[in-house]
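Inspection log for the structure reproduced underneath, given as structure tokens.
Rule-based calculations on the coordinates, nothing more; no lab input. Given the structure is predicted, the values throughout are model-derived calculations rather than measurements. Here the Cβ positions follow ideal geometry from the backbone for every residue, glycine too, while neighbour counts run over all protein chains shown.
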Amino acid sequence: MTLAGYDHLLAAGRRLQWDDAAVDLRADAAAWPALDPALAARVTALVAGFCVAEVAVAAHLHPFGPAAGNPSAAACFALQAQDERRHARFFARAAAEVLGIDPDTGARAFAAPGVLALFETDLPALADRLAAGDAALPEAVGLYHLVLEGIVFAIGQEALLDTLTVAGVLPGVRDGLARVQGDERWHVGLGVMCLQDAGGTAEAGDVATLAARAAAAWGPDVATPERVERALAVHARRLTVLARAGAAAR
Ligand SMILES: [Fe+2]
Ligand SMILES: [Fe+2]
């Protein structure tokens, strides 16, 4: 049953594959200099945050496959890693070609401190513990897939898409972002499946306490009360589903 679930996710992930280099950013680059400064600042903080965060998730996924202990789950993590590298390349292109920022050396300065802390400190520390056998997969998946992807990325993506859609600008960034969102949905699904496999959320560490901090990571302009409430409600529903599945399995 679970193996079929992983294979189904893998097939879904394969169908979603897209080419980051093919997204046309020329109109975005041409429009950028005339953008309202407040709007440009908001977009810069979000794109810069995603530059840092997607590089970090791409770099720290490698211990997950070996820890999963089954080849179907490992194949899903391998495909996810490919997606994360593509996301990092896409946001790097957006930073360089549209915003005129070097993604490697310039993005950090514009990213929210809360985002930097989660992706440069919390995530590497937990990935290192997972690789060393000092953390179990559910704790790592709880942070990576449910909190970082399911809450932080979801809030940032929604904010960026809302901002660009309301202003009617940067169609190329919107196009790539929508594809990133599609990928992240199956990644979170993979996380939920792993936790289900492990018998619920009991071993998922401090997922619940991290959630509120994660939801606020982008700062108050992006993490509005409405967005935070929505993301935490979705997160709570995921935890409820997991708790029920865990109880049913016991
Ligand atoms: Fe990603
Ligand atoms: Fe992801």
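Quick one: Karplus J couplings for the stretch 132-142, per residue in order, coefficients 6.51, -1.76, 1.60, θ = phi - 60°, nearest Hz, x for Gly and Pro?
Result, rounded to whole Hz: 7, x, 8, 10, 8, 4, x, 5, 5, 5, x.
Using all alpha carbons of the stretch 24-249, what is the percent of pairwise distances in each 10 Å bin, ordered from the shortest bin to the longest?
Percent of Cα pairs in each bin: 8, 35, 35, 16, 5, 0.
Within a Cβ distance under 12 Å of residue 119, other residues only, what is the Lys/Arg minus Asp/Glu net charge?
Charge balance near residue 119 sits at -4.
How big is the C-alpha Rg of the stretch 103-217 next to the rule-of-thumb value 2.2 N^0.38 Å, as a ratio?
1.16
Residue 30 to residue 132: extension gain in nm, 0.36 nm per residue of separation minus the Cα-Cα distance?
31.9 nm
Can you give the helix-only mean residue ellipticity at 222 nm for the chain, where every DSSP H stretch with n ≥ 4 adds -39500 (n - 2.57) and the sum goes over all residues, rounded to the nearest 500 deg cm²/dmol?
After summing the helix terms and dividing by residue count, I get -21000 deg cm²/dmol.
Using θ = phi - 60° and the Karplus relation 6.51 cos²θ - 1.76 cosθ + 1.60, list the HN-Hα couplings for the stretch 85-91 in order, rounded to whole Hz, with x at every Gly or Pro.
In residue order, the calculated couplings are 5, 5, 4, 4, 5, 5, 5 Hz.
Less than 13 Å Cβ to Cβ from residue 245, Lys/Arg counted +1 and Asp/Glu -1: what total charge do the surrounding residues give?
+3
Could you tell me whether the stretch 1-140 comes out rounded, prolate or oblate from its Cα gyration tensor? Rule is a ≥ b ≥ c as square roots of the eigenvalues, rounded for a/c under 1.5, then prolate if a/b exceeds b/c, otherwise oblate.
oblate
Find the relative contact order for the stretch 24-249 and round it to a whole percent, using C-alpha pairs within less than 8 Å whose residues are 6+ positions apart.
26
Please list, in order along the stretch 219-226, the HN-Hα scalar couplings obtained from phi with the Karplus expression 6.51 cos²θ - 1.76 cosθ + 1.60 (θ = phi - 60°), rounded to whole Hz, x for Gly and Pro.
x, x, 5, 8, 7, 5, x, 5
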